[in-house]
Structure formats: structure tokens, C-alpha cells
1. Does the stretch 78-99 include one or more residues that are of a type in the set (S, T, N, Q) and at pLDDT 90 or above?
2. Could you go through the stretch 139-149 and let me know if any residue there is assigned by TED's automatic domain parsing to the domain that holds Pro61, under 18 Å from the mean Cα position of the chain (by Cα) and acidic (Asp, Glu).
3. Which residue out of Leu268, Leu274 is surrounded by 20 or more Cβ atoms within 10 Å (Cβ to Cβ), assigned by TED's automatic domain parsing to the domain that holds Gly138, of a type in the set (A, V, I, L, M) and within 13 Å of the chain's Cα centre (by Cα)?
4. Can you run down the residue pairs with Cβ atoms below 9 Å, 6 or more apart or on separate chains, where the first is in the stretch 224-237 and in contact (Cβ under 8 Å) with a residue 40 or more places away in the chain and within 11 Å of Leu187 (Cα to Cα) and the partner is exposed (fewer than 14 other Cβ atoms within 10 Å of the Cβ) and of a type in the set (Phe, Trp, Tyr)?
5. Conditions first: (1) modelled with pLDDT under 90; (2) of a type outside the set (Gly, Ala, Ser); (3) part of a helix (DSSP H, G or I). Ile31 passes all but one, so which condition is the exception?
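The values are calculated or read from the model by the stated rules, or taken from the named source; none is laboratory data. Please read all numbers here as calculations on a predicted model, not as lab measurements. No Cβ is skipped: glycine too gets one built from the backbone with ideal geometry, and neighbour counts run over all protein chains shown.
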Amino acid sequence: MKAIYKREVSSYFNSMIGWIFVAVLTVFIGIYFFAYNLFQGYPYFSLSLGSSLFIFMVVVPILTMRSMADERHTKTDQLLLTAPVSVTAVVLGKYFAMLTVFAVPVAIACLCPLIIALNGTAFLLADYGAILAFFLLGAVEIAVGMLISSLTESQIIAAVGTFGLLLLLYLWDGLVGFLPSTAVGSLLGFFVVLILVCFLINALSNNWKVTAGVLVAGAAVLIAFYLRDSSVFANLLPDVLGKFSLLSAFDSFSTDHVFDVPGILLYLSISALLVFLTVQVIQKRRWN
């Protein structure tokens, strides 16, 4: 894993990709920092971080589009898949390399609260908590891009797919508000979620028997709970999906100035799940 990590970090900074990522993210954070914190005198740096979250939709696809897709396109993935190293080590090496590139603008951003403190009142604990949440949110979105990149050999498709999924996550709170709140609507919504999960299981396992078993068991559980007490399903779908809002967890740090431990666990759990799914995608291709 160490050799793969070094190779990936070197490749990012020996090409324009790493420098473009660092430059664009640093510039946008700096623009909001000057506008809100230095010119308007707002004491919380977290406002600048929250305002620059949208740029993830642009820079993350640039960073992640070649992580797996390029290896597959140039057929160098065959060397990795037959190397005396586990697929998990390969994926983690690439993932940690991208996190290292992302850590550069985050490290630069760590200077901003100190600049605020030198010029007036600052809330360092709240700001550095927001920077931690900013980094973990970026780690989640990088894991999303890496998973999408592992599904295709086209960097363009990987970039567009990552942008689309990150846009969905960015608009998540607003979209959840349009979900049905009735008991029947929530039941049907959970059936759709179950079907999507079964599609994912079948894509990873290529075993229709396991997929069918999960589908039947999940449908039986949903119907049983609904027949037992249908009132429980009222507003259940938007409430459950709302728990997976990435921006709401960040807002706890940036707006409420609260160290949200469940939010941290959410980011870590989703990142780990996405890395695991990437490993399974590569593992499936290895054995095929």
C-alpha cells in the first residue's frame, strides 16, 4: 500500500490535476474568507467554509476521475490485480493519496482562524471543529468519486457521474422535502429503496439467489410492520432519509457551532462503506 500511495501522490503533483485541485479550492475558500471574515468582520471562519462547499461538485470529479478509470483504460489495472498486494491495499493507497492532496488546501485553511484571532475576536475551537467536518465531508465526496471511477474506464463518464451524484447530495435536504409523508407513500418509498439496494447487491455479488432472498425478506419485514401499525410509517421515509444529509451534519459545526459526534460518525461510516464497495467492485473484476 505504501508504494501505491507514494506513486499516486507523486502522479498528482507531477501533473496539473493535483495543483489545479489545490489552487481552485484554496482560491474559493480565500475569496469567501476575505469577503466575510476580513471585510465584513464576521468572527466565524466556518461561514466561509460553508459557503464554499458547492465547489466540491467541480473539483472532486477532477481529482477522482482518473483514480480507477485511467488504470482500467490503459490496462495497467491488470498489473495491480496480479500484484502480490491485496485489492484493499490498492484501493486504500489510492484513497489516502487523494486525501493527502485534499489535505493541502485544508492545511492552508487552518491559518485563517489564526489570522482572524490576530485581528480581533476569534472562536478557534468552533472554527477548527468546522475545518475537521469540512475535511471529513470532502473525504466522503472523494470516496464517492473513487467508487464511480471504479465502475467505468472513461474518465469523462466518471467525472460526469461523480458531479451528478455530488449534486444530488448537495440538494439532498431540499429533495427529501418532496418525499411523500403519508404511510402508504413511505411504504412505497421504502420498497423503491429496497429494490435499489437489491440491484447493488446483485451487481456486487452477481448472485440472483442472494438478491432474491434479500428482496423477499425485506419486503416481508416492511409489510409485516405496516400491517402491525401503519401509523408508524407516516413521515418515516423523509425522516429516515433526512438522517443521511451530509450538509445537515456540517451545519451543526458551521452554523450551530456544536461538535456533532453523530455527524462525525456518519461521515466516517459512509466513507468506509464507499471504500468497501470500491474494493468489492475491483475484487469482482479481478476474479472475472
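1. The answer is no; no qualifying residue exists.
2. Yes: the stretch 139-149 contains one or more residues that are assigned by TED's automatic domain parsing to the domain that holds Pro61, under 18 Å from the mean Cα position of the chain (by Cα) and acidic (Asp, Glu).
3. Selected residue: Leu274, the only one of Leu268, Leu274 that is surrounded by 20 or more Cβ atoms within 10 Å (Cβ to Cβ), assigned by TED's automatic domain parsing to the domain that holds Gly138, of a type in the set (A, V, I, L, M) and within 13 Å of the chain's Cα centre (by Cα).
4. Listed by first residue and then by second, the contacts come to nothing, as the list is empty.
5. For Ile31, the failing item is (1).
To keep it simple, each residue is scored yes or no on (1) farther than 18 Å from Ala97 by Cα; (2) surrounded by fewer than 21 Cβ atoms within 10 Å (Cβ to Cβ); (3) small (Gly, Ala, Ser); (4) in contact (Cβ under 8 Å) with a residue 40 or more places away in the chain.
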{"residue": "Ala130", "(1), (2), (3), (4)": "yes, no, yes, yes"}
{"residue": "Phe135", "(1), (2), (3), (4)": "no, yes, no, no"}
{"residue": "Met146", "(1), (2), (3), (4)": "no, no, no, yes"}
{"residue": "Phe163", "(1), (2), (3), (4)": "yes, yes, no, yes"}
{"residue": "Asp173", "(1), (2), (3), (4)": "yes, yes, no, yes"}
{"residue": "Gly177", "(1), (2), (3), (4)": "yes, yes, yes, yes"}
